[in-house]
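S.K.: I am attaching a structure below and will ask some questions about it afterwards.
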Amino acid sequence: MALTGIQILKMLPKKNCGECSIPTCLAFAMKVAAGQVEIDTCPYVSDEAKATIGEASAPPIRTLKLGNGDNAFTAGGETCMYRHEKRFVNPTGIAVLVTTDMDEAAVSGRIDRFNTLVYERVGVIMKAELIAVKDSKNDEASFTALVQKVLDGSARAALILISDTPAHLAAAAKVCGARIPLLYGATADNAAAMAQVAKDCSAPLAVKGSNLDNCVDVTNTLLAAGLKDLAIDTGARTLRAAFEDNVVARRSAVKAKFKPLGFPTLTFPCEMSDDPMMEAMIASIMIAKYAGIIVLSDLQGDILFPLLLERMNIFTDPQRPMVVTEDVYPLTGPGEDSPVVITCNFSLTYFIVSGEIEGSKVPTWLLIKDTEGLSVLTAWAAGKFGADMIAQFVKKSGIEDKVKHRDLIIPGYLASLKGELEEELPAWNIIIGPREAGHLPVFLKEWKPSKPL
Ligand code: SF4
């Protein structure tokens with residue numbers, strides 16, 4: 001059961017030293033209770049208290065880490081049923097399947113597409129994270145060779161190793177070295193041997209259940225064997241069954257704190273349909289309804305991109321607007337005679353405005369002022385995009401050293417700020433830009449410095 005802030009406070013050293021970057025132990029305890037800070041952040045807390053608090057404050061869906069370094073992939077860690085209750089934490093991992101009975105070209109094509117299908121959207125990089133390698137011939141040599149090929153072919157892929165033979169998984173996991181794979185799959189028959197392999201490799205293990213009840217039996221066996229890092233495949237291979245199982249598993253873990261189902265789920269849309277569009281539709285539902293990882297038969301841009309976009313929307317924190325960093329952004333190679341445009345740091349605004357500027361091919365300096373993610377008018381109304389703040393930012397931004405002219409183009413919606421801004425920035429001419437970003441290209445093409453350079 002979760003501990004309250006006061007219960008956690010009783011286990012803290014109460015030095016109020018602030019070394020955890022929080023001024024008091026009470027405030028720290030409240031944040032730990034709310035799941036906003038890890039207990040490890042306090043350097044003085046005892047190991048015993050760490051274990052007690054860590055266990056009590058752990059999310060009901062256990063967090064799994066695969067891969068290593070900058071390319072580590074994290075699944076699970078979820079704490080709620082619905083995004084609006086709090087937020088969804090770790091985006092569903094997208095995996096592509098390669099098998100030992102695929103020919104060379106099929107495998108290489110999938111690895112190539114895994115590496116190249118990378119997109120940027122509102123400053124966020126979107127891509128598939130995992131490659132599932134299946135020992136479909138039940139042959140150790142070809143399985144380990146394929147694992148090696150995937151490791152060599154993609155430096156960033158986290159791996160799922162799929163085999164019915166524990167010894168093959170052990171050999172393949174050894175090939176992976178520091179890139180921790182997810183081992184799949186433990187059944188009622190092989191649970192003991194699989195548990196031993198997972199322990200020896202220090203790798204998480206996925207349960208391959210035949211239904212939800214069977215999954216519970218196998219996870220209980222693995223938990224009793226001392227394993228903690230598990231994932232579950234309930235064995236469902238129809239949309240309806242997979243949907244139901246995912247919802248039941250999440251509800252059981254989050255609402256009833258039922259530990260045997262408190263693990264990220266592994267789902268296989270690739271085994272639910274031969275039709276790529278149907279497979280994509282199933283994958284999209286699994287992303288929305290609680291899959292920790294989905295395994296696809298292939299990656300194609302027209303299918304992957306919408307799935308990535310859906311995933312980004314679902315896993316964006318609804319309580320925090322997406323922002324870009326306050327800075328001066330040079331777009332299409334501006335020089336000292338290029339126009340200077342300013343706007344807010346709401347991601348959507350930035351990407352719409354920068355997109356229009358880049359589309360116009362007019363080299364431009366784009367000043368992005370931190371408005372805490374609020375859009376132009378909202379930021380102005382909230383007192384975060386006033387003349388004094390804009391002036392302060394313009395002065396410290398260094399733009400005065402980058403251009404010879406002194407024209408500052410402000411959003412059309414802030415026309416009322418012109419007078420105030422001219423007082424705050426007496427060296428600058430305040431030019432009222434268009435209200436809509438779509439009108440920027442024509443505006444910029446027609447812009448000439450107010451005073452000759
Ligand atoms: S570092 Fe530990 S002792 Fe210091 S204020 Fe934070 S919680 Fe309290």
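S.K.: Go through the residues of region 65-74 one by one and say whether even a single one is more than 9 Å from the ligand (Cβ to nearest atom), modelled with pLDDT under 90 and buried (at least 18 other Cβ atoms within 10 Å of the Cβ).
M.R.: No, that holds for no residue.
S.K.: I've got another one for you. Search region 32-43 for residues being hydrophobic (A, V, I, L, M, F, W, C) and in a loop (DSSP other than H, G, I, E, B), and hand back the single one that is farthest from the ligand (Cβ to nearest atom).
M.R.: The residue in question is Ala34.
S.K.: Further, regarding this structure: Within region 36-46, does at least one residue satisfy the condition of being under 30 Å from Val147 (Cβ atoms) and either exposed (fewer than 15 other Cβ atoms within 10 Å of the Cβ) or modelled with pLDDT under 95 (or both)?
M.R.: Taking every residue of region 36-46 in turn, none turns out to be under 30 Å from Val147 (Cβ atoms) and either exposed (fewer than 15 other Cβ atoms within 10 Å of the Cβ) or modelled with pLDDT under 95 (or both).
S.K.: How about region 44-127: which strands (runs of 3 or more DSSP E) wholly inside it have at least 2 residues that are closer than 20 Å to Thr267 by Cα and in contact with a Pro (Cβ under 7 Å, 6 or more places away or on another chain)?
M.R.: Of the strands (runs of 3 or more DSSP E) lying wholly inside region 44-127, those with at least 2 residues that are closer than 20 Å to Thr267 by Cα and in contact with a Pro (Cβ under 7 Å, 6 or more places away or on another chain) span 64-66.
S.K.: Would you check if there is a residue in region 368-388 being touching a strand residue (DSSP E or B) at 6+ places or on another chain (Cβ under 7 Å) and farther than 21 Å from Gly123 by Cα? Spell out how you get there, then give the answer.
M.R.: Taking region 368-388 and keeping what is touching a strand residue (DSSP E or B) at 6+ places or on another chain (Cβ under 7 Å), we get 368-369, 371, 373-376, 379, 385.
Within this subset, residues satisfying the condition of being farther than 21 Å from Gly123 by Cα are 385.
For region 368-388, residues touching a strand residue (DSSP E or B) at 6+ places or on another chain (Cβ under 7 Å) and farther than 21 Å from Gly123 by Cα: present.
S.K.: What is the residue count in region 1-31 for residues that are of a type outside the set (A, V, I, L, M) and either more than 11 Å from the ligand (Cβ to nearest atom) or closer than 23 Å to Lys259 by Cα (or both)? Give the derivation first.
M.R.: In the first step, residues of region 1-31 are kept if they are of a type outside the set (A, V, I, L, M); the result is 4-5, 7, 10, 13-21, 23-25, 28, 31.
Remaining after also requiring either more than 11 Å from the ligand (Cβ to nearest atom) or closer than 23 Å to Lys259 by Cα (or both): 4-5, 7, 10.
Going through region 1-31 one residue at a time, the tally reaches 4.
S.K.: Where the second residue is aliphatic (A, V, I, L, M) and assigned to a loop (DSSP other than H, G, I, E, B) and the first is closer than 24 Å to Leu159 by Cβ and assigned by TED's automatic domain parsing to the domain that holds Asp233 and lies in region 260-289, which pairs have Cβ atoms under 6 Å and are six or more apart or on separate chains?
M.R.: These pairs meet every condition: Gly262/Ile61; Ile282/Met272.
The values are calculated or read from the model by the stated rules, or taken from the named source; none is laboratory data. On a predicted model such as this, the values are computed, not experimentally measured, just so you know. Note that each Cβ is placed from the backbone with ideal geometry, even for glycine, and that neighbours are counted across all protein chains shown.
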